[in-house]
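A.B. asks: After the structure tokens below, expect a handful of questions from me.
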Amino acid sequence: MRSLRLSVRTPGFQPGKTGSIPVGTASDFFVSAFQPPHFTLMYKPQKTLGVRARLGYIKPMKHFTKHLAISAVLALSLSAPVLAADPEPIDFGPTEKLVILSETGAKTFDVEVADTLKEQARGMMYRESVPPMTGMLFEFEEPKVATIWMKNTAVSLDILFVRSNGKILKIEHSATPYTLRNSSSEAPVAAVLEIGAGQSLELGIKPGDRIAHEFFGTEKLANAN
């Protein structure tokens with residue numbers, strides 16, 4: 001007996017019931033196990049179950065792979081988030097230089113600054129990419145416990161929580177696009193820096209590293225390095 005494991009999203013699909021993956025009346029495949037988002041199709045000679053599916057019955061065995069691929073594409077297309085159009089583009093103004101001082105050296109970023117509630121509410125939403133060595137600095141009026149989510153955000157981000165002295169308190173690596181789960185600083189911070197996912201690890205940036213930028217009054221540190 002052989003088994004085939006597929007990774008397609010099939011919400012609500014149960015063995016022996018109507019689902020989005022076609023299984024043929026004349027085929028020798030049948031659903032033997034289901035654990036979202038996976039299901040296992042077992043091959044057993046001379047087995048004919050007649051499981052109904054939304055795309056109908058598949059009679060010839062040679063067509064099984066073709067129809068299964070079509071179902072997989074349909075399932076994935078229905079489950080994949082769609083990037084919504086920016087309802088009201090915001091001008092964040094000219095970018096500013098920001099330098100992260102780490103053990104591996106100074107790393108210079110061009111960052112947009114979000115220092116109003118409207119800008120901070122928008123953040124990196126509705127963007128298709130974040131170029132390397134760029135980001136967005138959220139500047140708060142007063143230090144606070146900051147929470148960041150990824151609503152309407154199609155790109156994965158590294159989220160750096162920064163104390164008022166410019167030291168990085170915590171890093172949330174590769175935040176999941178579109179998730180509504182909040183990432184929290186867990187302690188008061190003066191700012192949050194968002195950069196492209198993976199850049200922190202790639203550049204050796206860690207909690208405790210210092211940021212040189214005028215918002216923290218640390219801009220002269222960049223010249224010292």
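A.B. asks: First select every other residue whose beta carbon is under 13 angstrom from the beta carbon of P132; then total the charges, Lys and Arg +1, Asp and Glu -1.
C.D. replies: Values: positive: K107; negative: D110, D158, E202.
After counting each charged neighbour, the total is -2.
A.B. asks: A further question on this structure: Could you give the size of the charge dipole of region 145-222 about its Cα centre, using +1 on the Cβ of each K and R and -1 on the Cβ of each D and E, expressed in debye and rounded to the nearest 20? Don't skip to the end; give the middle numbers.
C.D. replies: On the way: 8 positive and 8 negative charges, 35 e Å.
Using Cβ point charges on Lys, Arg, Asp and Glu, region 145-222 gives about 160 debye.
A.B. asks: Could you compute the net charge surrounding P94? Neighbours are other residues with a C-beta less than 11 Å from the C-beta of P94; K and R count +1, D and E count -1.
C.D. replies: Working: positive: K97; negative: D91, E96, D110, E112.
Result for the neighbourhood of P94: -3.
A.B. asks: Around L169, with a cut-off of 9 angstrom between Cβ atoms, what is the net charge of the other residues, counting Lys and Arg +1 and Asp and Glu -1? Let's see the in-between values first.
C.D. replies: Values: positive: R163, K167, K170; negative: E186.
Net charge in that neighbourhood comes out at +2.
A.B. asks: With label points built 7 Å along Cα→Cβ from the Cα atoms of V145 and D110, find their separation and express it in nm.
C.D. replies: In this crude spin-label approximation the distance works out to 3.8 nm.
A.B. asks: Moving on. Where the centre of each part is set by its Cα atoms, how far does region 194-225 sit from region 141-174, in angstrom?
C.D. replies: Computed from Cα coordinates, the inter-centre distance equals 13 Å.
A.B. asks: Say each of Q120 and L201 gets a label point 7 Å from the Cα, pointing the same way as Cα to Cβ; how far apart are those two points in nm?
C.D. replies: About 3.0 nm separates the two model spin labels.
Each value in this text was obtained by applying a stated rule to the coordinates, not by laboratory testing. Just so it is clear, the model here is predicted, and its values are computed rather than measured. Ideal geometry is used to build each Cβ from the backbone, glycine not excepted, and the neighbour counts take in all protein chains shown.
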